[in-house]
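Quick notes on the structure that follows.
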Amino acid sequence: MGGASFGQTVSASRRMPPWLIWFPLLALVNLLVFIAIRGRWGKSVLALAVAAVAGVVIGDQVGGRTGLEVLRIGDMHLVAASVGAQVLMLAVSLLSALGPIRVEK
């Protein structure tokens, strides 16, 4: 009867998209580089991890929209995503430094 069989359709829909691997992996690498340069772990690591993931996603989208194709892996704009992650982590780090300061006597 023409067309794909049911088995091929089910297996094709169960494939994991590559971005489920690349985005968290790139966010983790950027987070570790940022923390290594910064030199301390601190309490804001969870906020930095969220900023890294969001920065990778936003940076990839900005790179796709602007056509910045310095280094790509498949559909992922690697340099733009890394720059986005680093900028967002820097913003989180600077905003956390502006928070209230506890003075103990």
Can you tell me which of (1) surrounded by fewer than 23 Cβ atoms within 10 Å (Cβ to Cβ); (2) under 13 Å from Pro24 (Cα atoms); (3) not aromatic (Phe, Trp, Tyr) is the one Gln86 doesn't meet? (2)
Given (1) farther than 20 Å from Leu90 by Cβ; (2) at pLDDT 85 or above, where does Ala47 come up short, assuming only one miss? (1)
How about segment 15-44: which of its residues are hydrophobic (A, V, I, L, M, F, W, C) and closer than 20 Å to Leu94 by Cβ? Ala27, Leu31, Leu32, Val33, Phe34, Ile35, Ala36, Ile37, Trp41
Determine whether segment 50-57 contains at least one residue that is in contact with a Gly (Cβ under 9 Å, 6 or more places away or on another chain), of a type outside the set (Asp, Glu), more than 13 Å from Val29 (Cβ to Cβ) and touching a residue at least 40 places away in the same chain (Cβ under 8 Å). no
Against the conditions (1) surrounded by fewer than 23 Cβ atoms within 10 Å (Cβ to Cβ); (2) more than 11 Å from the chain's Cα centre (by Cα); (3) assigned to a helix (DSSP H, G or I), where does Gly63 fall short? Just the number, please. (1)
Within segment 66-80, how many residues are in a helix (DSSP H, G or I), β-branched (Val, Ile, Thr) and either surrounded by 14 or more Cβ atoms within 10 Å (Cβ to Cβ) or in contact with a Pro (Cβ under 9 Å, 6 or more places away or on another chain) (or both)? 1
Out of the residues in segment 28-43 meeting the condition of being in contact with a helix residue (DSSP H, G or I) (Cβ under 9 Å, 6 or more places away or on another chain) and part of a helix (DSSP H, G or I), tell me which one is surrounded by the most Cβ atoms within 10 Å (Cβ to Cβ). Asn30
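The values are calculated or read from the model by the stated rules, or taken from the named source; none is laboratory data. Remember, predicted model here, so these are calculated numbers, not experimental data. Virtual Cβ from ideal backbone geometry, glycine too; neighbours counted across all protein chains shown.
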